[in-house]
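Peer 1: Please see the structure below; I have some questions.
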Amino acid sequence: YAASTMATKESKRRKIMEIMQNCEIKIQGNGLSVEELVTIAAVLGESNIRSADQYLSEVKLLQLEAGISWSDVMERQMAMVKRALKRDVGPENRAKECDPATISQDMWEAQTGDGGRPRRVAWSYAWAVVWMLRSIELAAMRLGDVHMEFKKKTVTLLIRKSKTDQKALGVKRTLVCCGLPKCIRLCPWNLALRVLADH
């Protein structure tokens, strides 16, 4: 796991272990009982943790890591208490989405002199959206990772390391021009031409 993912997992694990200790629940013998699972879920529900259902998954992992199987009865009970924990929590609080197609023309063409940021922030954001890149994948990108096939109007991108390529062997993705008489802003071909020319 990445360091940020590990920190989140460890935090959830600590909270679950704290709840189990305070409720005098131990994983032993045949594992947890249905009543013990419901007790842990009830404590999580009372704590008003919005992602309480995710914390509950740690209980199952603890039992499996202890070498004790997880029965179908427990799986059914887990599904029921998770559903109960999700009830009435309201909508998820996510970051506001930004569609690159709606960025103003001034902002689209704006350049920054800040050496720590891309020269054209809007283009970098659009590039990440078009190629579905995580920020770490975008930051690792180099000009040599982009290959354009002018006859076919295709762009091939080498992604040096991604979440699904932990050995960093590199994976390639290829996108084609939008094919319109005048390329749209988010056309991979058009964007690649602009980005490469800008560099």
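The values are calculated or read from the model by the stated rules, or taken from the named source; none is laboratory data. Since the model is a prediction, treat every value here as computed from it, not as a measurement. When we count neighbours, we look across all protein chains shown, and the Cβ atoms used for this are built from the backbone with ideal geometry, even at glycine. When the accessible area is computed, the model is the full protein with side chains, heavy atoms only, and any ligands, DNA or RNA have been set aside. Shrake-Rupley method; radii C 1.70, N 1.55, O 1.52, S 1.80 Å.
Peer 1: Name the residues in the stretch 126-142 that are over 18 Å from A197 (Cβ atoms), exposed (fewer than 11 other Cβ atoms within 10 Å of the Cβ) and out of contact with any helix residue (DSSP H, G or I) (no Cβ under 9 Å at 6 or more places or on another chain), would you?
Peer 2: Across the stretch 126-142, the qualifying residue is only M132.
Peer 1: Being touching a Cys at 6+ places or on another chain (Cβ under 9 Å), surrounded by 10 or more Cβ atoms within 10 Å (Cβ to Cβ), farther than 30 Å from L32 by Cα and of a type outside the set (G, A, S), is that true of even one residue in the stretch 117-125?
Peer 2: Yes: the stretch 117-125 contains one or more residues that are touching a Cys at 6+ places or on another chain (Cβ under 9 Å), surrounded by 10 or more Cβ atoms within 10 Å (Cβ to Cβ), farther than 30 Å from L32 by Cα and of a type outside the set (G, A, S).
Peer 1: Now for a different question. Restricting the search to the stretch 143-176, which residues are modelled with pLDDT of 90 or more, out of contact with any Phe, Trp or Tyr (no Cβ under 8 Å at 6 or more places or on another chain) and surrounded by fewer than 14 Cβ atoms within 10 Å (Cβ to Cβ)?
Peer 2: G144, H147, E149, F150, K151, K152, K172, T174
Peer 1: Looking at I40, I25, I49, I68, which one is modelled with pLDDT under 90, on the phi < 0 side of the Ramachandran plot and of a type in the set (A, V, I, L, M)?
Peer 2: None of the other options fit; the residue is I49.
Peer 1: Name every residue in the stretch 28-37 that is at pLDDT 90 or above, open to solvent by 30 Å² or more (accessible area, probe 1.4 Å) and not in a helix (DSSP H, G or I), in order of residue number.
Peer 2: Within the stretch 28-37, S33 is the sole residue that qualifies.
Peer 1: Say we look at the stretch 50-74 and pick out the residues that are more than 16 Å from M20 (Cβ to Cβ) and not in a loop (DSSP other than H, G, I, E, B); which of these is most open to solvent (accessible area, probe 1.4 Å)?
Peer 2: Ranking the candidates gives D72 first.
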